[in-house]
Every structure is written in structure tokens, then in C-alpha cells.
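Engineer: First the structure, which I've put down as C-alpha cells, then a few questions once you've had a look.
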Amino acid sequence: MALTMMDKKPLDAKTTAWPAEIAAEFERESKQPNGCVGQRLLSENERVRVWEIRLKPGERFGFHRHVLDYFWSVTTDGRARAHINDGTTVEHTYTAGETRHESHEPGHYKVHDLENIGTTDLNFITVEFLDSANKPLPVPDRVRVKGQ
């Protein structure tokens with residue numbers, strides 16, 4: 001059976017006020033949904049989008065919106081913090097090879113950021129399925145790796 005984030009227990013989870021700059025960025029995303037679920041779109045066809053996130057210690061990938069069914073795999077061990085659209089802030093540890101699958105019903109989505117709070121690089125690959133219950137969000141050409 002495929003594991004989801006519901007199966008992953010956080011090291012810490014709390015609902016407190018976010019720092020002003022985080023809250024402001026979240027508000028901006030709510031007005032202009034960001035469909036870039038990775039830093040680079042490595043590959044795309046009529047069925048999938050394959051994304052990459054690479055974070056050095058202390059780096060943060062800003063708020064983005066998941067509307068499609070997808071899975072991610074982490075390729076390095078590490079630790080991260082995320083602010084989630086339900087108002088929680090969670091911290092997780094990750095083990096290379098760990099994978100989680102998520103799906104979204106019509107109209108459902110998840111918005112979050114990701115900050116590497118560990119001491120090593122943290123790298124993820126995310127695969128989105130374009131034939132999902134929700135329409136894919138547009139992504140700008142600047143995130144597409146040339147030569148796809």
C-alpha cells in the first residue's frame with residue numbers, strides 16, 4: 001500500500017502565528033496560485049510533470065499549490081519545516097528513498113512551503129499526474145529545463 005503524508009508523523013506540529021513575511025507570502029499565493037511544485041520542471045508530457053527541489057541547509061522553497069494527484073521521493077536524508085494552509089507548522093525528518101503519495105478530490109488543494117532546517121542538502125523529486133480530478137495549474141516557461 002502506498003504511504004501518504006497522513007502516515008508520516010511530524011517531529012513537531014503547532015498552530016501559532018506565522019512570521020509576518022511568511023504570512024504575507026501565503027496571502028500573495030492565495031491571490032495568485034503558484035502551480036510550481038518544484039524549482040525546476042525536469043520533464044513534462046500529456047500524462048505527467050516531473051519536478052525537482054534541491055535545498056541547501058537554511059534554504060526555503062516558497063509557497064506552492066498542489067491540486068493534482070502526485071507522489072514525491074526524497075533522494076537525501078534531511079530535516080525540513082513546512083507552513084501548511086490549514087495554519088499548522090510542521091517539522092519532519094526524511095530518509096533517502098522515502099516516498100509519499102497524495103491525491104486531491106475536485107476542488108481540494110494543499111498549499112505549503114518547505115525549508116531545509118537540517119545540516120545537509122535536501123533533494124526531492126515530485127511527479128504530478130495531469131489526468132487528476134482538478135485541472136493542472138499553469139507553470140511559466142522559466143521553470144522548464146531546456147531540451148525537454
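The values are calculated or read from the model by the stated rules, or taken from the named source; none is laboratory data. Quick caveat: nothing in here was measured; it's all calculated off a predicted structure. FYI the Cβ positions are ideal-geometry reconstructions off the backbone, even for glycines, and counts take in every protein chain you see.
Engineer: Return yes or no: is Val139 assigned to a strand (DSSP E or B) and either closer than 21 Å to Cys36 by Cβ or of a type in the set (S, T, N, Q) (or both)?
Structural biologist: no
One line per residue, one yes/no per condition, for (1) over 16 Å from Val111 (Cα atoms); (2) of a type outside the set (Val, Ile, Thr):
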position: Pro19; (1), (2): yes, yes
position: Lys31; (1), (2): no, yes
position: Ser43; (1), (2): yes, yes
position: Glu46; (1), (2): yes, yes
position: Val50; (1), (2): yes, no
position: Arg54; (1), (2): yes, yes
position: Gly58; (1), (2): yes, yes
position: His66; (1), (2): no, yes
position: Trp72; (1), (2): no, yes
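Engineer: Considering only region 36-64, state which residues are surrounded by 19 or more Cβ atoms within 10 Å (Cβ to Cβ) and closer than 16 Å to Ser103 by Cα.
Structural biologist: Within region 36-64, the first condition is being surrounded by 19 or more Cβ atoms within 10 Å (Cβ to Cβ), and the residues that meet it are 36-38, 41, 49, 51, 53, 55, 61, 63-64.
Within region 36-64, Val37, Arg49, His64 meet the criteria.
Engineer: Take Ala96 and tell me if it is surrounded by 17 or more Cβ atoms within 10 Å (Cβ to Cβ), of a type outside the set (S, T, N, Q) and out of contact with any helix residue (DSSP H, G or I) (no Cβ under 8 Å at 6 or more places or on another chain).
Structural biologist: No: the conditions fail for Ala96.
Engineer: Could I ask something else about it? Kindly indicate whether Thr119 is in contact with a strand residue (DSSP E or B) (Cβ under 7 Å, 6 or more places away or on another chain) and hydroxyl-bearing (Ser, Thr, Tyr). Break it down stepwise before answering.
Structural biologist: Values: in contact with a strand residue (DSSP E or B) (Cβ under 7 Å, 6 or more places away or on another chain): no; hydroxyl-bearing (Ser, Thr, Tyr): yes.
So Thr119 fails the test.
Engineer: Taking the condition of being out of contact with any Asp or Glu (no Cβ under 9 Å at 6 or more places or on another chain) and either within 27 Å of Gly58 (Cβ to Cβ) or touching a residue at least 12 places away in the same chain (Cβ under 8 Å) (or both), how many residues in region 137-148 meet it?
Structural biologist: Residues meeting the conditions: 5.
Engineer: Only residues in region 1-30 that are modelled with pLDDT of 95 or more count as the first member; pair them with residues that are small (Gly, Ala, Ser) and in a loop (DSSP other than H, G, I, E, B), Cβ under 8 angstrom, at least 6 apart or cross-chain, and list the lot.
Structural biologist: The qualifying pairs are Ala23/Ala17.
Engineer: Here is a follow-up. Working only within region 9-39, note down all residues that are more than 21 Å from Thr126 (Cβ to Cβ), touching a strand residue (DSSP E or B) at 6+ places or on another chain (Cβ under 7 Å) and part of a helix (DSSP H, G or I).
Structural biologist: Ile22
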